[in-house]
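No lab work stands behind these numbers, since they all come straight from the coordinates. These numbers were taken from a predicted model, which means no experiment stands behind them. As a convention, Cβ positions derive from the backbone with ideal geometry for all residues, glycine included, and neighbour counts pool all protein chains shown.
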């Protein structure tokens, strides 16, 4: 199994997130895609379940309230997540690492915690 970074897929993921267009986001996932958030045991398998998660959980499904900043983690495409706006700023809350296979996203691994962004030399908050 070969894993590689496909910037086009990452960029389409960011665009779907910003739209917000959960259906477009789901179309970027492989049929066997998995979303996990270590160290929590909960996970979401398959595009439909992952789509339901994105439609309801982050910012109550208002993905356009979250700003994603492109970065890399261990050689893989990653996205730092900021928001929604509080006290006039968007605060960091985690990083999503995308595992790519055959020009599609096979896994999204979410790491929660604003302190993580320091490892990526990213700020703790952004202007809205």
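Points to keep in mind about this one:
- GNM on the chain, alpha-carbon springs under 10 angstrom: the most fluctuating residue among 39, 47, 84 is 39.
- Relative to the longest principal axis of the Cα atoms of the chain, the long axis of helix 7-18 makes an angle of roughly 50 degrees.
- Residue-span extension gain [residue 45 to residue 126] - 0.36 nm each, minus C-alpha spacing: 26.0 nm
- Segment 40-92: proportion of alpha-carbon pairs further apart than 13 angstrom, %: 68 percent
- Stretching the chain fully between residue 56 and residue 27 yields a gain of 8.7 nm (0.36 nm per residue, less the alpha carbon separation).
- Residue with peak Gaussian network fluctuation, the chain [Cα springs, cutoff 10 Å], from 92, 73, 42: 42
- Placing pseudo-labels 7 Å out from each Cα toward the beta carbon at residue 72 and residue 19 gives an inter-label distance of 2.8 nm.
- Among 30, 89, 62, residue whose mean-square fluctuation peaks in a GNM of the chain (springs only between Cα atoms under 10 Å): 89
- Value of Rg to Rh for segment 7-126 (Rh from inverse mean 1/r over Cα pairs, i.e. Kirkwood): 0.93
- The chain - mean residue ellipticity at 222 nm from DSSP helices (-39,500 (n - 2.57) per run, n ≥ 4, rounded to 500): -6500 deg cm²/dmol
- Folded to 0 to 90 degrees: helix 46-56 orientation relative to the chain principal axis, Cα: 20 degrees
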